[in-house]
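K.L.:
The structure under discussion is supplied below as structure tokens; questions concerning it will follow.
The values are calculated or read from the model by the stated rules, or taken from the named source; none is laboratory data. These numbers were taken from a predicted model, which means no experiment stands behind them. Cβ coordinates were reconstructed from backbone atoms using ideal geometry, including for glycine residues, and neighbour counts include every protein chain displayed.
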Amino acid sequence: MRAPANQELDEPGLESYAELRAEFETSARARAVLERSIEIAGRQVQMRLVGEPIAAWIDPALGHLASKSVGSSPRLTVDLFPGASGQPGSDGAGRISTSADGRFLSQSVGGCYYLLDRTERRLVGSICSLEEIPSWERVKPLSVPVTTWLNDDGLSVIHAGLVSLGGQGVLFAGPSGTGKSTCALACAVAGFDFLGDDCIILDVQHGTGSANNCIGYSLYSTGALDAAHLEKFASPLVHTNGATASRGKQLIALHVAQHIQTVPQSKIRAIMLPRLTQEERSVIRPAAKSDALRLLAPSSIIKRAVPAGRTLARLAALVNLVPSYWLDMSHNPTDISKAIAPLITP
Amino acid sequence: MNLDSAYAPREEVASELIDGEAIIIDLSTGMYFSLDRVGGRIWALLANQASLGEIRACLVNEYQVDEQVAGEDLENLAQQLLAENLIVPAKEPRPLDHAADETTAAKAPYQPARLVAYRDMGDLLALDPPAPGLSEIVWRDGPANERDER
């Protein structure tokens, strides 16, 4: 497929993509290249990271998805290199563009400029300044191009937490500040497998009518929690040198916490809608499907990089197939796991 | 009320029906809405660009309500949906597949449609944006590797 000739600075095209790839190859010849093979949603992703600092940014978020096998035909390749100042992305402005035919998507954000070829499934990124990367991109690197690639493959990235026991998962839904991270981390500390605290890949196979086909995949192992909530955990979680995520939340790197187990995927057996109450202990109550969709959908589809309709349809299919519950939380996060464990243990 | 009028959801509005209720999300403002069962039925008919006359006939056929009450409630809801910028006038009505004058055997209890607005998401997104600049994206559908819903 050939893209039309494109001289517009803001609109990506074949020419700008080829230039960026050439810059990557030049950079890769001059410096050490660290190769990473990971699996995102069961799809092999091959990453080539030029220089240790870029690997030090990527590894905490995606390292838990490391794959032992190196396939000859990855589903996505990711090539990141340190760019020079003055290149796109070095001005700090957040901007996303697509080519006229939709094949290329570019994003400039903070000190990064990404260009995704959706046909060839290749992502190239120039990282001009790691210090300028905004906090949300630091915690969840490459989220816009990766979300776009996954959407092209029939998967949605949704705003929810997910933990599991023996491959049977509980999804935590709700807008920011309702307790998704607190619940997911409380369960992880209590021995559940951890898949994510507010960003999960959703695969719902339509037409099967079975909850067996609602699968959640882990994307990032980093989490973020209010400092006040963090103090309630008796077991220490791992901080990234006190680094903050968004809204003053503490950044937490879970992949290096030895007492926390991350897993790449699980079935979704229940949807939990947390809300803080004055209850003495955390309890669950059945919730209407419409309540679940109302709490799950808006923050998963508004201002996302992909069309909203498909994600909303997948969420509706999920809510139709999987039971939903209110989780009335006490002020003690350690009893959350006891409240939800009976739902997923035989 | 002009019974020949028809409407359609605005382009930047996403919606789904679940258990008969409609969840409606305005992607441009972050506001979202719910419509209970009678409202959900009306929304589904509006989204198919049925005329108000046809929608009223469906309501009378399916619910325990007379034509005058159904018409007044329908007009009231259409005004609310227009005020919230969720629907726009459609160029021309699209006829429904089935005839509304076939009487339904057992009619359901009727309650006027109730539109509930949730205005918190705009505030939350302002504090914690998924990514800046996304509202400016001009999305074009994917190339050949696009996978349809299975």
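K.L.:
Please enumerate the residues belonging to the stretch A:284-304 that are in a loop (DSSP other than H, G, I, E, B), modelled with pLDDT of 85 or more and buried (at least 22 other Cβ atoms within 10 Å of the Cβ).
P.N.:
Selection gives A:ALA297 alone.
Results for (1) at pLDDT 80 or above; (2) more than 30 Å from A:CYS199 (Cα to Cα); (3) touching a strand residue (DSSP E or B) at 6+ places or on another chain (Cβ under 9 Å), shown as yes or no for each residue.
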residue	(1), (2), (3)
B:ALA78	yes, yes, yes
B:ALA106	yes, yes, no
B:LEU125	no, no, no
B:PRO143	no, no, no
B:ARG147	no, no, no
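K.L.:
For the structure I just gave you, tell me whether A:LEU276 is of a type outside the set (Ser, Thr, Tyr) and more than 14 Å from every other protein chain (Cβ to nearest Cβ).
P.N.:
Criteria met by A:LEU276.
K.L.:
Checking the structure you have, find out if any residue of the stretch A:283-301 is more than 7 Å from chain B (Cβ to nearest Cβ), within 18 Å of A:SER176 (Cα to Cα), out of contact with any Gly (no Cβ under 9 Å at 6 or more places or on another chain) and of a type in the set (D, E, K, R).
P.N.:
Yes; the residues of the stretch A:283-301 include at least one that is more than 7 Å from chain B (Cβ to nearest Cβ), within 18 Å of A:SER176 (Cα to Cα), out of contact with any Gly (no Cβ under 9 Å at 6 or more places or on another chain) and of a type in the set (D, E, K, R).
K.L.:
Which of the residues spanning the stretch A:114-167 are crowded, with 23+ Cβ neighbours inside 10 Å, away from chain B (no Cβ under 14 Å) and of a type in the set (S, T, N, Q)?
P.N.:
A:SER126, A:SER164
K.L.:
Further, regarding this structure: Within the stretch A:269-283, take every residue that is in contact with a strand residue (DSSP E or B) (Cβ under 6 Å, 6 or more places away or on another chain) and outside any strand (DSSP E or B) and give me the one that is surrounded by the most Cβ atoms within 10 Å (Cβ to Cβ).
P.N.:
A:SER282
Residue-wise test of (1) over 20 Å from B:ALA117 (Cβ atoms); (2) out of contact with any Pro (no Cβ under 9 Å at 6 or more places or on another chain); (3) part of a loop (DSSP other than H, G, I, E, B).
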{"site": "B:GLU16", "(1), (2), (3)": "no, yes, no"}
{"site": "B:SER28", "(1), (2), (3)": "no, yes, yes"}
{"site": "B:GLN49", "(1), (2), (3)": "yes, no, yes"}
{"site": "B:GLY71", "(1), (2), (3)": "yes, yes, no"}
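K.L.:
Further, regarding this structure: I'm told A:PRO307 meets every condition in (1) within 10 Å of chain B (Cβ to nearest Cβ); (2) at pLDDT 95 or above except one. Can you identify the failing condition by its number?
P.N.:
Going through (1) within 10 Å of chain B (Cβ to nearest Cβ); (2) at pLDDT 95 or above one by one, A:PRO307 breaks only (2).
K.L.:
Which one of B:LEU3, B:LEU27, B:LEU17 is within 14 Å of another protein chain (Cβ to nearest Cβ), surrounded by fewer than 21 Cβ atoms within 10 Å (Cβ to Cβ) and hydrophobic (A, V, I, L, M, F, W, C)?
P.N.:
Answer to the selection: B:LEU17.
K.L.:
How many residues are out of contact with any Leu (no Cβ under 8 Å at 6 or more places or on another chain) and crowded, with 18+ Cβ neighbours inside 10 Å if we restrict to the stretch B:43-61?
P.N.:
Qualifying residue count, the stretch B:43-61: 3.
K.L.:
Also: Mind checking which pairs have a first residue in the stretch A:314-342 that is assigned to a strand (DSSP E or B) and surrounded by fewer than 19 Cβ atoms within 10 Å (Cβ to Cβ) and a second that is of a type outside the set (A, V, I, L, M, F, W, C) and at pLDDT 95 or above, Cβ under 7 Å, 6 or more apart or different chains?
P.N.:
Filtered contacts from the stretch A:314-342: A:ASP328/A:ARG285.
K.L.:
Hey, can you tell me all the residues within the stretch A:174-201 that are within 13 Å of another protein chain (Cβ to nearest Cβ) and at pLDDT 90 or above?
P.N.:
A:CYS199
K.L.:
Would the stretch A:82-102 turn up any residue that is touching a helix residue (DSSP H, G or I) at 6+ places or on another chain (Cβ under 7 Å), among the aliphatic types (A, V, I, L, M) and modelled with pLDDT of 80 or more?
P.N.:
Among the residues of the stretch A:82-102, at least one is touching a helix residue (DSSP H, G or I) at 6+ places or on another chain (Cβ under 7 Å), among the aliphatic types (A, V, I, L, M) and modelled with pLDDT of 80 or more, which makes the answer yes.
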